[in-house]
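The values are calculated or read from the model by the stated rules, or taken from the named source; none is laboratory data. None of the values given here were measured: they were computed from a predicted structure. Note: ideal-geometry Cβ built from the backbone for every residue, glycine included; neighbour counts use all protein chains shown. These accessible areas exclude ligands, DNA and RNA; they are computed on the full protein's heavy atoms, side chains included. Shrake-Rupley method; radii C 1.70, N 1.55, O 1.52, S 1.80 Å.
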Amino acid sequence: QRRFEVYIDPDKEAVVTMGAKEGLSHLAMAMLSPGDVVFATDPAYPIHPFASIIAGADVRRIPIGKGRDFFEDLMLATKQRWPKPKLLVICYPHNPTTEFVYLDFVQLIVDWSTAHNFWVIHALSYADLTYERYEPPSFLKADGANYLCVELFSLTKPYYIAGWSVGLCSGNREVVHALTRIKCYLEYGIFQPIQLGALV
């Protein structure tokens, strides 16, 4: 709320994760079934497509980078693909291209996903690796984002605690609930001293 001007209900719209990678992997397991179509950027941080592949989904890559209009390519892919996508995994600032966006672009993505009824998972893992006073927007700040969007944040990059990964998934309460439930089956949470260190 202080940094991104986004209010999150901590009881229903947020869950602690063992970093963004774990959160995304378990989200894919909770949300996807074999045959579901997922859009991911190309190139991408490896877990962004592979979480869905491991869950049995059919991943389709959308090019990103210099000379490309990602939103135009997303519109084209959505119109041409059958079955329609269930999920878009996206990351801004983008790893590995370093592309960045502003809130107007975020709003386009949120509006398009709402119109075509697919989920958006946005990884905001690189929010602190920016220059020249650029402040990356949270996808949750866009109007209507809580309808079909969740966002992953990780302390690994900004606070240099790789290996002691702590993160957060926030946004749509249905998706947060699904992630919370599957995590209850698969693990017992983060070692408490690590959580306390993350708070500090």
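Figures for the structure shown
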| quantity | calculated |
| --- | --- |
| Qualifying positions in the range 115-133 - on the phi > 0 side of the Ramachandran plot and either touching a residue at least 24 places away in the same chain (Cβ under 8 Å) or among the basic types (Lys, Arg) (or both) | ASN117, ARG133 |
| Test: residue in the range 18-35 that is of a type in the set (Ser, Thr, Tyr), modelled with pLDDT of 95 or more and part of a strand (DSSP E or B) | no |
| Meets criteria (surrounded by 21 or more Cβ atoms within 10 Å (Cβ to Cβ), more than 22 Å from ARG2 (Cβ to Cβ), out of contact with any Leu (no Cβ under 8 Å at 6 or more places or on another chain) and of a type outside the set (Asp, Glu)) for ILE190 | no |
| Index of the failed condition, TYR45 passing every other in (1) open to solvent by less than 30 Å² (accessible area, probe 1.4 Å); (2) in contact with a Cys (Cβ under 8 Å, 6 or more places away or on another chain) | (1) |
| Subset of the range 141-162 (residues that are under 30 Å from PRO193 (Cβ atoms) and open to solvent by less than 70 Å² (accessible area, probe 1.4 Å)) | VAL150, GLU151, LEU152, PHE153, SER154, LEU155, THR156, LYS157, PRO158, ILE161 |
| Residue within the range 141-163 that is in a helix (DSSP H, G or I), over 16 Å from the mean Cα position of the chain (by Cα) and without any contact (Cβ under 8 Å) to a residue 40 or more places away in the chain present | yes |
| The range 60-80 residues that are closer than 13 Å to ILE109 by Cβ, paired with ones that are of a type in the set (Gly, Ala, Ser) and crowded, with 17+ Cβ neighbours inside 10 Å (beta carbon under 7 Å, 6 or more apart) | ILE62/ALA77 |
| Extreme residue, nearest to the chain's Cα centre (by Cα), among residues of the range 164-194 that are in a strand (DSSP E or B) and not small (Gly, Ala, Ser) | CYS169 |
| Qualifying strands (runs of 3 or more DSSP E) (wholly inside the range 50-135; at least 1 residues being small (Gly, Ala, Ser), touching a helix residue (DSSP H, G or I) at 6+ places or on another chain (Cβ under 8 Å) and open to solvent by less than 60 Å² (accessible area, probe 1.4 Å)) | 119-123 |
